[in-house]
Structure formats: C-alpha cells, structure tokens
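What follows is calculated from the coordinates using simple rules that are stated; it is not laboratory data. Keep in mind that this is a model prediction, so the values were computed, not measured. All Cβ positions, even for glycine, are placed from backbone atoms using ideal geometry, and neighbour counts span all protein chains on display.
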Amino acid sequence: MIKTRDEVKEEFKWDLTTVFKNEEEFEKFFNETKKLIEDFLKYENHVMDNSNTLLEVIEKDNELSRRVEKLYSYANMIADQDISNNKNQERLSKVVNLYELAIKNTYFIRPEILKVDKNTIEKYIEDNTKLKEYSKMIERIYRYKDHTLSDAEEKLLSNLSKIFGNHDKTYSYLSDSDLTFGTIKDEEGKDVELTDTNYSIYIRSKNREVREAAFKKLYEVYKQYKNSFSSCLDGHIKEEVSIANIRKYKSVFDEALYADELNEDVYNALKDTVHENLNVYQKYFKLKKEVLGLDEMHMYDVYADLTEDYEKEYSFDEAKEIIFKAITPLGEEYKKDLEKAFTQKWIDIYPNKGKRGGAYSGGSYDTNPFVLLNYQSKLDDVSTIIHELGHSMHSFYTRNNQPYQYGDYPIFVAEVASTTNEVILAKYLIENSKNDNEKLAAMNHLLELFKSTIYRQTMFEEFEKYAYDLVENDDVISADKLCEEYLRLNKEYFGDSVVVDDEIKYEWERVPHFYYNYYVFKYATSLSAACDIAMRILNKEKDAKGNYLKMLKSGNFYSPLETLKIAGVDMTDKKVYENAIKMFDDTIEEYKSLVKKNKEMK
C-alpha cells in the first residue's frame, strides 16, 4: 500500500528546511524579491551611463536571478512532493508569475549593452577591476549583437513571452490528459485500462500477447489524433522559425547550435558515425530475437527485457554500498563529497501518494543539489540513483568552484556526468558481480542505454530536422508526411533485424522532445563523451580522473567543446562516437558469450 506523504519517515525525505526554514521565511524572501524586481526598472536607459552603473546593473540582475531560482526550486520541489496539493501548486504558480515579471523588467539589459561599441565596454572593464569578473559573460552577450533587436522590438517580444509556448502546452494537455486508450488484457487475463503512462510497463511485459495488444491499442488511438498532433508541432515549428528569422539566424538549427557555441561538425560526426554503424544496432535486435526465442522480432518486442527472469531487489542501503564501491575509480575527493548527498539529506527516496513520478536532480546555485527519486528496489533504480547523483555532483562542484555568472553548466554537457556514472556502475557490476544474472542485467542496462540514447536520439534528430526543413523551405507539414518519414527512418535504422510494423509511424506523436528545439542529439553526444571519459578513468589513464574533476568544476566559464576538452574529449572527432559504438558492440558480444556459457553448463 503506497503511503501518504505524512506517513513517510523523515529520514527518507530531502531536507528543504535548508532552503527556507518555514513558510514565513519563504514569503518574506518572496516579497523582498518582488520589490527588487519592481525597482529594477529604474535602470532602464541607464545601464551604460558609466562603468559603476554597468557593474551595479549586472550584480543586481545576478542577485535577482539567484533569488528567483532559489524560490522556484523550492516551490517546485514542494509541489512535486504531492502534486494533488492545491496550496503547493498555487505557490509554484506564484513563483512562475514572479519569474515572468523578472524577465519583463530586466529585458533591456542586453539591448542597452549592445548599443555601445565594444571599445567602450573594454574601457569600462579596464577602468573598473570588478567588471573583469564578468568579462567572459559580457563577451558572450556581444556574441548576440547581430541577433539582438531594437529596444521596442525586444520589449514587444518580452511582452509576448506568455503567448509563446502554447503549442507545447496544448500538446501536453492532449497527450497527458485528453487521450483515452480503452482496455487490454494483462498477464493474468484481467481487463486493465491502458494509459500513456502504464504503456511503458505493458510494452515490456514477459507476455508477448500483452505487448502486442498494448502496442496496437495505443497507436490505434494516436492514429485518430494524428492531425491534431501534426497541427501542434506545425504551430510550434512555425513559431520558432519566425523568431529565428526575426533574430537573423539562418535556421532554428543554426540558432540552437549558436547557443552552445557549436557548428554542424559535431552533429554530422555523430550522424555519419551512427549511419556507418547501423549494423551494430541491428545486431543487438538480432541478439534479442535469439534470446527471446522469437521467429520474428516486431516493434512491440524491442522493449522486452533480455534478462526477464532477474528479479533481485536491492534495499536503499545496499544500493548505496554498491554505488560507493562503483565510484572508487573517481577518487577519494569525489567519494567524500558524494557522502554529503546522504548525510545532508539531499535525496527524497521513496514514492508516496501524489508524488511526481520519475527522478531528477534539482536545486539552485544557493541550495543543495537535491535529488527526487521514486525508489522501487530494482537494478534500474540503483542506476537511476547514480545517474541523478552524477548531475548533483556536477552541480555541487560547479557551484562551489565558480561564481554565479559561471556557476551552471552548458546544456550540451548536462548529461555527461550522469551517464559517466551509469557506465562506471555497469562496468563495475559486470566485472565484480558473482551472480551471472546480475551481470547480464547490468549488460542489458548498458545495451538499452546505447540503443535508446545513441541510436534512437539520433533518429529523433533526423526526424525533427526533416520537420523543420519542411517549414523553412516553405513546404507544408502534414500528418501523412510526418508519419511516412518516421516510418522510413525506422525501416532504415532497424533494417532486416525487426519487422517494422506500420503502427510505429504514429510514435512521433508521443515524443515531447520535439518541442525542445534540437535538444535530442545532445543525449547521444553526451553518452558518447561519457563512454570516453569513463574508459579513460577505468583504464587509469594518466590525469584522467583529475581532468574529469576539473571539467566538473569548470561550470560554463568555457564553451561546451572547450569544457569537454578539459576531460580529454574532442566532440568533433568521429573516434569519440566510434569508440562508444565499439563499447556497445563489445557488450553485445560479452552478453552472447555469457549466455552461451550458461547454456553449456546446464
């Protein structure tokens, strides 16, 4: 029986009193922040009066950002403890409104800085030594000079910010709330309601009839709504294309790459390597077909577990012990700092009624890097812990070694630390477990990580780019075009290893990441970088451990590519992706070898 929030012991909850001791302290901080935001408009048209004013504006803006982020992280985490609690949702909404007010009242900073020539800024920095602390930040602002509008235009876009993003919101309501999928028979032959959430359970069922029924029932409904989802995506893309054009980018892809200081070399290196190695992807599904004893591998079989009989449970204390043994190669400093997650109660461990599902690492620059879990004692849950703690340790090191203006890490490297931890855990279990089933389960997790991250996300990126290209080339998006392209990509990726059922053409309707503007390929690049880093550390390559910690501590002071080079990874080099795929291939062979050995022993 799942417990209510009040029934969960305090020792299993995160300690948010380290953020705000009580509601009164939160309200006081909120009201002070709101007053500072309202007063900030006095700087409008005065940002560049002199070097002292510029410094004051930057420092006040940073203070506002820090305050709003602290308020948001607290309100969001409180709300996630029980999403059915209206008071918690109202508090979060109030902070979101404050965030929108902050955007509206600070919009003028960048345009006013960009009004003056760079020589003026350089003289200000030379005259005022404190401004030197922000020189890198100011330099990044100047990168956007050609993409910044007039004061009136910037203000107009700022005022329209509440309107933007409604296509994403409509998509969420449609996919999360409005669709109903009817019932299917579960493993015991009972009628159960199929939802978009529990679909992920039934599509992994040991019973193939359940998997097939869930697959066909789900996409039967999505087929009926293909035009609505197509309209949502079309509206979102047109909005983003319009904004990119207004800001003088060649394309939305160009805008997305520009934000991370990238060019197409990284994406092309990834895509080309993936296409050159589709045989490895297909080899994995041929293995799965063999292990599952299937005559034909269908799309409703691709999520079935290879290690379906492994049901071991791990207490949270056991999971902690495994994690600390696994991260030994990262060194004593990392291990000592990771202890803080447990001794300082960063982690909210178990599910409770109304708690948000899934897991994440949160917090802000001025709080602990908290972790939300819904721990269910499976091996995947152990991997989830070490994944989220990877994010948290990245945040911890960044915030403790960089000033606020450089105290975050770029999106392009956001998944590197987390997946490095996952790879290190899997390698530890494969090397050290005395239980062959546990080894196979660890291999399976690693194989699924490669399948779902490097290959699947690259395919998603190709589909997303196809949709954007339609709009940017003045073509028309239609549901049929999107469905046919998605089907074509699946057939290309799976080859003859899987029967690509026609229903899969509607799967794109279920992918919220298509509203994140070219984010998906960064999952694939991150895992590739993580494999490179993990193997350098596990192979005890000279300075690998120290350079990795330096990377974690560097925040966003450097560009994303420069940041990863600190750890020895060049993301424009195809070898990074080839080595990751080689690890995938080697793990397939290792899995086959262990299965064969076990068969021979029976």
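The Cα-based radius of gyration of the range 498-559, divided by its Kirkwood radius, gives an Rg/Rh of 1.20.
For the chain, a simple Cβ point-charge model (Lys and Arg +1, Asp and Glu -1, everything else neutral) yields a dipole of about 1080 debye relative to the Cα centre.
Taking 0.36 nm per residue of separation and subtracting the current Cα-Cα distance, fully stretching the chain between Ile246 and Ser433 would add 61.6 nm. Ordering Ile327, Ser93, Thr453 by Cα displacement along the dipole of the chain toward the positive end leaves Ile327 in first place; charges were set at the Cβ atoms of Lys, Arg (+1) and Asp, Glu (-1). By how many degrees, 0 to 90 and rounded to 10, does the Cα axis of helix 479-494 deviate from the longest principal axis of the chain? Helix 479-494 sits at roughly 60 degrees to that axis. Seen through its C-alpha gyration tensor, with square-root eigenvalues sorted a ≥ b ≥ c, the range 475-522 comes out oblate because a/c lies at 1.5 or above while a/b is not bigger than b/c.
If packing is taken as the average number of other Cβ atoms within 10 Å across a peptide's residues, how do 437-443, 500-506 rank, most packed first?
With the highest mean Cβ count within 10 Å placed first, the list reads 437-443, 500-506.
With the simple model of a label 7 Å out from the Cα in the direction of the Cβ, Ser559 to Asn119 spans 2.7 nm. Relative to the first principal axis of the alpha-carbon coordinates of the chain, what is the inclination of helix 264-276, with its axis defined by its Cα atoms, in degrees from 0 to 90 and to the nearest 10? Relative to the chain, helix 264-276 is tipped by roughly 0 degrees. For the range 384-520, what percent of Cα pairs sit more than 18 Å apart? That tail contains 68 percent of the Cα-Cα pairs. When Leu149, Leu527 are sorted by how many other C-beta atoms sit within 10 angstrom of their C-beta, beginning with the fewest, the order is Leu149, Leu527. Shown for the range 314-383: lysine pairs separated by 8 or more places, or found on different chains, whose C-alpha atoms are under 29 Å apart, numbering 24. The Rg/Rh ratio for the range 12-163, using Cα coordinates for both the radius of gyration and the Kirkwood hydrodynamic radius, is 1.05. Taking a straight Cα-Cα cut-off under 28 Å and skipping sequence neighbours fewer than 8 places away in the same chain, the lysines within cross-link reach of Lys130 are Lys34, Lys35, Lys42, Lys60, Lys70, Lys104, Lys115, Lys118, Lys145, Lys550, Lys553. Here the alpha carbons of the range 53-101 define both size measures, Rg and Dmax, at 13.5, 46 Å. The alpha carbons of the range 511-602 occupy a box of 57, 41, 21 Å along the principal axes, longest dimension given first. Computed over the chain, the range of Cα coordinates on each principal axis works out to 81, 57, 50 Å, biggest value leading.
Cα-based Rg of the range 278-413 per 2.2 N^0.38 Å, rounded to two decimals?
1.32
Residue by residue, the range 512-520 carries 3J(HN,Hα) couplings of x, 5, 5, 9, 9, 6, 6, 8, 4 Hz when phi is fed to the Karplus relation 6.51 cos²θ - 1.76 cosθ + 1.60 (θ = phi - 60°); x denotes Gly or Pro.
Packing order of peptides 570-577, 35-42, 169-176, highest average first: 570-577, 169-176, 35-42 (average count of other Cβ atoms within 10 Å over each peptide's residues).
Tell me the Kirkwood hydrodynamic radius of the range 137-288 in angstroms, computed as one over the mean inverse distance between distinct C-alpha pairs. Its Kirkwood hydrodynamic radius stands at 20.0 Å.
With angles folded into 0 to 90 degrees, how steeply does helix 436-449 sit against the dominant principal axis of the chain? Use alpha carbons for both and round to 10. Tilt of helix 436-449: around 50 degrees. Per-residue ellipticity at 222 nm computed for the chain from its helices equals -19500 deg cm²/dmol, with DSSP H segments shorter than 4 residues left out and the rest contributing -39,500 (n - 2.57).
Cα-based values for the range 396-460, radius of gyration first and Dmax second, are 16.0, 48 Å.
Once Rg and the Kirkwood radius are both taken over the C-alpha atoms of the range 184-265, their ratio Rg/Rh works out to 1.27. Take each peptide in 258-269, 515-526, 186-197, 86-97, count the other Cβ atoms within 10 Å of every residue, and average; sorted highest first, the result is 515-526, 258-269, 86-97, 186-197.
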